[in-house]
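Colleague: Next up is a structure, given as structure tokens.
The values are calculated or read from the model by the stated rules, or taken from the named source; none is laboratory data. Computed from a predicted model, the values in this text were never measured in an experiment. Calculation scope for accessible area: heavy atoms of the full protein, side chains included, ligands and nucleic acids excluded. Shrake-Rupley method; radii C 1.70, N 1.55, O 1.52, S 1.80 Å.
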Amino acid sequence: GGFFDFNRGRPGKRGLVPPFPPILERLVANLVKRGFIDASLNPDSCIINSYAPGDCIPPHTDHAAYARPILTLSLLGEEPILVGRSFRSTRACAWEPIVGRSVTLPRRSLLLLGGNSGSVAKHCVSACAGPRVSITLRRQPPEDWRPDASELIGGETHKKRKPLSGSAKRRKKREKLLTRRTEPSRRT
């Protein structure tokens, strides 16, 4: 097995996580037997999340190094997942799609994120109404996988700048307006 390094935003080193326990092996075998997933997917990475009321998952796209589809089995509570290109925050830990849709995930439902829904669109779960458990299964990148140079912090091609927050954008705009007002006008 392997793990996802949230500090670096990419898959971590393989072999640091033990193989699936028998109960997860049986779950995957059952999903294959019932035709929900192809045997060639063979997931080897699992995230089990337990949510209390009010917990959420912010909008994100799973790292491209993981094979698609990514599977999420929903247990306990019934919650909607939002899938789309952009979201608006409505309050702390709550979003609504600007470009996208809400899909209800009933108890014991299986969501497969593949194609555009797994590679292009973001997904999130707003504050849960009650307890929820989800099991996410995915295939780790191949053992010889290495991050792209653009993902390496301090790498030569790493030129991404962190986007400004709303308050930083407003501050920058105010400063620009003040600079314009205090500059002497030029007449030609």
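Colleague: Return one whole number: the accessible area per residue of the range 9-111 in Å², for a 1.4 Å probe.
Modeller: 60
Colleague: Compute the distribution of all C-alpha to C-alpha distances in the range 25-65, in bins of 5 Å from 0, and list the percent of pairs in each, rounded to whole numbers.
Modeller: 5, 15, 19, 18, 17, 18, 7, 1
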